[in-house]
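The values are calculated or read from the model by the stated rules, or taken from the named source; none is laboratory data. As the structure is a computational prediction, the values presented were derived from the model and not from experiment. Methodologically, a virtual Cβ is constructed for each residue, glycine included, from the backbone with ideal geometry; neighbour enumeration extends over all protein chains shown. These accessible areas exclude ligands, DNA and RNA; they are computed on the full protein's heavy atoms, side chains included. Shrake-Rupley method; radii C 1.70, N 1.55, O 1.52, S 1.80 Å.
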Amino acid sequence: MTLVEWTKAKKYTIIILVVLNAVLLCLNIYKSFETKLSSGRISDVISLFEKDNITIACTLPKSYKPMAQIYTSDYSFDFIKVEKAFMEGETNVKRTDEYNSVVFMSDNSRLSIKGSTINYTASLSKEISLNTEARNYGDNLIKRINESFGNYTFHSLSKNSEGYIIKYYEKSDNHNIFSNFVYFTIKGNNAAVALNYVKIGSEVGEKRDIYAADEALYSASELIKEEIDKPNITSVELGYYAIRSNVGSESLAVPFYLIMANGREYYVNGYTGECF
């Protein structure tokens, strides 16, 4: 090949690569629109739900790109570390074993550990009557928990007839793991904490198409209407929820939507549309 021929071939190769990159860019842009909830679809679901006396009082996740499952597994709690995290500074702490649970009790609190769940109740030294006081109590306990296991982060704080409700979740790839939670309920000087934890691993298998947020709402609408008169949907979030397999201690975290309506939680499987 002569120098002139080589120069021409090089130019043609560069042109082909530029055209190919432009085509790939256009395909990626098209694909991003294909997995983005349009304003028209959002308006449609809001309008249809209004006719059914269901109010959507929140923004909807717009992206519904394919998502993979995440491998999860059971975690064996270190009972001494858990007891220290929850009951540090308390006196007269006693341990008992009952019904496959390990229970720690003091004069003012009770801590129960069973499988992947922890439940804790306590009488506090003073009443909590401000948002900041509730948040500080939650943050301080979460800090001690994270030093023992997990990596929970603050999600929300609200108040209803039951008291202050504070929620913390673990995250994976910026998505909340809804099954890895810590829920606080604080009323006056009484606090109750419910926790669930499994170890989060890496992604498993190929990424699969998921339902869009409006499709998740349609899937949940019948159950919501059955349980609530004039529902008010205040939150729709896309995350993961760990589902146990039939054998062993393995489970998979599957894409799920969490829908909040009148303080109730509804979960919609992002792959199948099943709701519970």
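Restricting attention to segment 223-276, which residues are of a type in the set (S, T, N, Q), under 20 Å from residue 67 (Cβ atoms) and over 18 Å from the mean Cα position of the chain (by Cα)? Write out each step before concluding.
Keep residues of segment 223-276 that are of a type in the set (S, T, N, Q), which gives 232, 234-235, 245-246, 249, 251, 262, 269, 272.
Narrowing the set further to residues that are under 20 Å from residue 67 (Cβ atoms) leaves 235, 245, 251, 269, 272.
Correct list: 245 only.
What number goes with the only condition from (1) surrounded by 16 or more Cβ atoms within 10 Å (Cβ to Cβ); (2) under 14 Å from residue 195 (Cβ atoms) that residue 105 does not pass?
Only one criterion in (1) surrounded by 16 or more Cβ atoms within 10 Å (Cβ to Cβ); (2) under 14 Å from residue 195 (Cβ atoms) is unmet by residue 105, namely (2).
Determine which member of the set 73, 109, 32 is modelled with pLDDT of 95 or more and of a type in the set (S, T, N, Q).
On the way: 73 fails: modelled with pLDDT of 95 or more; 32 fails: modelled with pLDDT of 95 or more.
Answer to the check: 109.
Just give me the residues in segment 175-233 being in contact with a Cys (Cβ under 6 Å, 6 or more places away or on another chain) and among the polar types (S, T, N, Q), in sequence order.
219
Among 227, 250, which is the only one that is surrounded by fewer than 22 Cβ atoms within 10 Å (Cβ to Cβ) and modelled with pLDDT of 95 or more?
On the way: 250 fails: modelled with pLDDT of 95 or more.
None of the other options fit; the residue is 227.
Has segment 150-167 got any residue that is closer than 22 Å to residue 243 by Cβ and open to solvent by 30 Å² or more (accessible area, probe 1.4 Å)?
To start, the set of residues in segment 150-167 that are closer than 22 Å to residue 243 by Cβ comprises 150-152, 155, 167.
If we keep only those that are open to solvent by 30 Å² or more (accessible area, probe 1.4 Å) as well, we get 151, 155.
Within segment 150-167, one or more residues are closer than 22 Å to residue 243 by Cβ and open to solvent by 30 Å² or more (accessible area, probe 1.4 Å).
Restricting attention to strands (runs of 3 or more DSSP E) lying wholly within segment 125-238, give those where 1 or more residues are in contact with a helix residue (DSSP H, G or I) (Cβ under 8 Å, 6 or more places away or on another chain).
Details: elements: 153-160, 163-172, 175-196, 199-208.
Fully inside segment 125-238 and qualifying: 153-160, 163-172, 175-196.
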